[in-house]
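Every number here is computed from the coordinates shown, using simple stated rules; none is lab data. No experiment lies behind these values; they were computed from the predicted model shown. Don't worry about glycine lacking a Cβ; one is built from the backbone with ideal geometry, like all the others, and counts go over all protein chains shown.
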Amino acid sequence: MDILGEILKQVLAGAQQQQPQPQQRAPQPRAPQQHAPQQQGRAPQGGPPEGMPSPDDLSEIFKQIFGGGQAEKLPDVVRQFEEKGLRDQVDSWVRTGPNKPVDRRQIEDVFGSREIDELARRKNIDREQLAEVLSRYIPKIIDELTPSGQLEPRRR
């Protein structure tokens, strides 16, 4: 069973529901044969903005970070945050209750600029946007992986 995959689906679905929807404007009449200019740097409707990871890319990235579908590296990831002075934040994610935020610079410090650069390069996404996305989702994922409020030993 792919525990991480299921959690990612829930987290990403929840994030999409929380995003504000663009306001619908009444269509403006156009003169015949007039076309709206193409906006560069935007993804086709329905896809992620240019430079942002797709849900499939995110799934692969998080599986790499957490050690596959069973999140075998969860204790190691938690330890990385603790070693970088973020014990309060990571404790809030593991325990029940509100999650304390982490910013993209802290994510880069925990995983290292080289690792973030490599993940971004492999998926052809912007490294700063990747770090921002990781800072948004890692607390939620760790929270979901620890429903009892504590790290549970991995069963083999």
Quote the FRET efficiency, to the nearest 0.05, computed for Thr96 versus Asp56 with a Förster distance R0 of 30 Å and r equal to the Cβ-Cβ distance.
-> 0.45
Report, ordered by chain and residue number, the lysines lying within cross-link reach of Lys123, taken as a straight Cα distance under 27 Å and ignoring same-chain residues fewer than 8 apart.
-> Lys9, Lys63, Lys73, Lys84, Lys140
Distance in nm between label sites at Glu132 and Ile3, each 7 Å beyond Cα in the beta-carbon direction?
-> 3.2
Rank by packing, highest mean first: peptides 96-106, 134-144, with packing defined as the count of other Cβ atoms within 10 Å averaged across residues.
-> 134-144, 96-106
Given 5 Å bins starting at zero, what is the percent of C-alpha pairs of segment 86-146 in each, up to the one with the largest pair distance?
-> 4, 20, 27, 22, 15, 9, 3, 0
Express in nm, to one decimal, how much length is gained between Leu12 and Gln150 on full extension, taking 0.36 nm for each residue of separation and deducting their alpha carbon distance.
-> 47.4 nm
Rounded to 0.05, the calculated FRET efficiency for the beta carbons of Arg79 and Asp117 at R₀ = 25 Å is 0.65
